[in-house]
Amino acid sequence: MINDSELILNQDGSVYHLNLLPEDIADTIIFVGDQERVPLVSQHFDRIEIKKGKREFITHTGYLRGKRISVVSTGIGTDNIDIVINEIDALFNVDLQTKMLNPEIRSVDIIRIGTSGSMNPNVATDQIIVSEFAVGFDSLMQFYKKQYTEEEVGIRDIITNAFSEFGVKPYVGKANESLVERYAYDLYKGITVTAPGFYGPQGRKVRTQEAAPRFIEVAGSLDLAGRHITNLEMETAGIYALSNMFGHRAISINAIVASRVDARFSEQPQAVIQRAILLVLDRF
Ligand code: R1P
Ligand code: URA
């Protein structure tokens, strides 16, 4: 039995942060960072049956072309992803009344629709790309025991060596291949770096000096067995690594709103975000 302090429930039996009961969530879940992006997604549902939330974690669940679907805002960062994925997993795999694991473990499909900055000359602003792999520069996965594939270890080791000056322990997660085939077969496939911040950890300097002045240049030029690092954001590696560990299927599709290579920000970021939303919903 899982004790009350391990898996905290609200008075109505819902999970602590997401404020959801098992019946409130579908087994295909779109993740967005910004809570204001939730209605931008759910406005395309045929109908919305549930709107719930707490803090930055807003959920809308409804139906699209007869199939149940949810959209959840995760807020910013892999610390939030830890909360969202653990609580979603509990909604599917723990009997919240007895606090026992369900006899049959269920998997869900997670599709992130995010925004991101390019660090690769082949990836321009207003492009939509998919993360085939994601590399976490944050410490989330130091707190979990996860099996890494040979491919993931290869990518991790090259990046660890290239950035040894940081003393970080990068981890790697992979997109689910069948979700890539379904949702992103025609998108540019890249490797995403998930950073533990937006400014210094993404090599930005406004009024500070960065520890690694050539961060973007070095990351963008690495050869990872023929693959290249394409973009920077703050959630995908956590989503992939935790989903890989739990047995959920995940994919992250990012609208490129900034280019760190040619120092540009999109003139119409909402337009590329809207295109990414429609691309995913059309393929659902
Ligand atoms: C930073 O502005 C935020 O935007 C990106 C980053 O990952 C970070 O969460 O994603 P979202 O647009 O999904 O929030
Ligand atoms: N989100 C990020 O985390 N970085 C960017 O450069 C753009 C969006």
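The values are calculated or read from the model by the stated rules, or taken from the named source; none is laboratory data. Quick caveat, the model's predicted, so the values are computed rather than measured. When we count neighbours, we look across all protein chains shown, and the Cβ atoms used for this are built from the backbone with ideal geometry, even at glycine. For the accessible areas, the whole protein counts, side chains as well, though only heavy atoms, and no ligand, DNA or RNA atoms are used. Shrake-Rupley method; radii C 1.70, N 1.55, O 1.52, S 1.80 Å.
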Before we move on, is residue 75 without any contact (Cβ under 8 Å) to a residue 24 or more places away in the chain, farther than 13 Å from residue 19 by Cα and not charged (D, E, K, R)? no
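Quick one: is residue 273 under 14 Å from residue 112 (Cβ atoms) and within 12 Å of ligand 1 (Cβ to nearest atom)?
Working: under 14 Å from residue 112 (Cβ atoms): yes; within 12 Å of ligand 1 (Cβ to nearest atom): yes.
For residue 273, the condition - under 14 Å from residue 112 (Cβ atoms) and within 12 Å of ligand 1 (Cβ to nearest atom) - is met.
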How about the range 234-273: which of its residues are free of Cβ contacts under 8 Å to residues at least 24 places away in the same chain and in a helix (DSSP H, G or I)? 270
Could you list, in sequence order, all residues of the range 57-83 that are in contact with a strand residue (DSSP E or B) (Cβ under 6 Å, 6 or more places away or on another chain) and within 16 Å of ligand 2 (Cβ to nearest atom)? 73, 74
Hey, could you check the range 74-93 for residues that are crowded, with 24+ Cβ neighbours inside 10 Å and in contact with a helix residue (DSSP H, G or I) (Cβ under 6 Å, 6 or more places away or on another chain) and say which is farthest from residue 245 (Cα to Cα)? 74
Looking at this structure, is residue 249 open to solvent by 10 Å² or more (accessible area, probe 1.4 Å) and under 20 Å from residue 277 (Cβ atoms)? yes
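Quick grid of which residues meet (1) free of Cβ contacts under 8 Å to residues at least 12 places away in the same chain; (2) part of a strand (DSSP E or B); (3) surrounded by fewer than 20 Cβ atoms within 10 Å (Cβ to Cβ); (4) in contact with an Asp or Glu (Cβ under 7 Å, 6 or more places away or on another chain):
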{"site": "5", "(1), (2), (3), (4)": "yes, no, yes, no"}
{"site": "13", "(1), (2), (3), (4)": "no, no, yes, no"}
{"site": "17", "(1), (2), (3), (4)": "no, no, yes, yes"}
{"site": "20", "(1), (2), (3), (4)": "no, no, no, no"}
{"site": "38", "(1), (2), (3), (4)": "no, no, no, no"}
{"site": "44", "(1), (2), (3), (4)": "no, no, yes, no"}
{"site": "49", "(1), (2), (3), (4)": "no, yes, yes, no"}
{"site": "61", "(1), (2), (3), (4)": "no, yes, no, yes"}
Name the single residue that is farthest from ligand 1 (Cβ to nearest atom) among those in the range 92-116 being within 23 Å of the chain's Cα centre (by Cα) and part of a loop (DSSP other than H, G, I, E, B). 105
Output the residues belonging to the range 104-129 that are touching a Lys or Arg at 6+ places or on another chain (Cβ under 9 Å), of a type in the set (A, V, I, L, M, F, W, C) and either free of Cβ contacts under 8 Å to residues at least 60 places away in the same chain or closer than 22 Å to residue 220 by Cβ (or both). 119, 124, 128, 129
Subset of the range 22-36, residues within 16 Å of ligand 2 (Cβ to nearest atom) and open to solvent by less than 40 Å² (accessible area, probe 1.4 Å), comes to 31, 32, 33
A careful count of residues in the range 221-256 that are modelled with pLDDT under 95 and either of a type in the set (D, E, K, R) or within 13 Å of ligand 2 (Cβ to nearest atom) (or both) gives 2
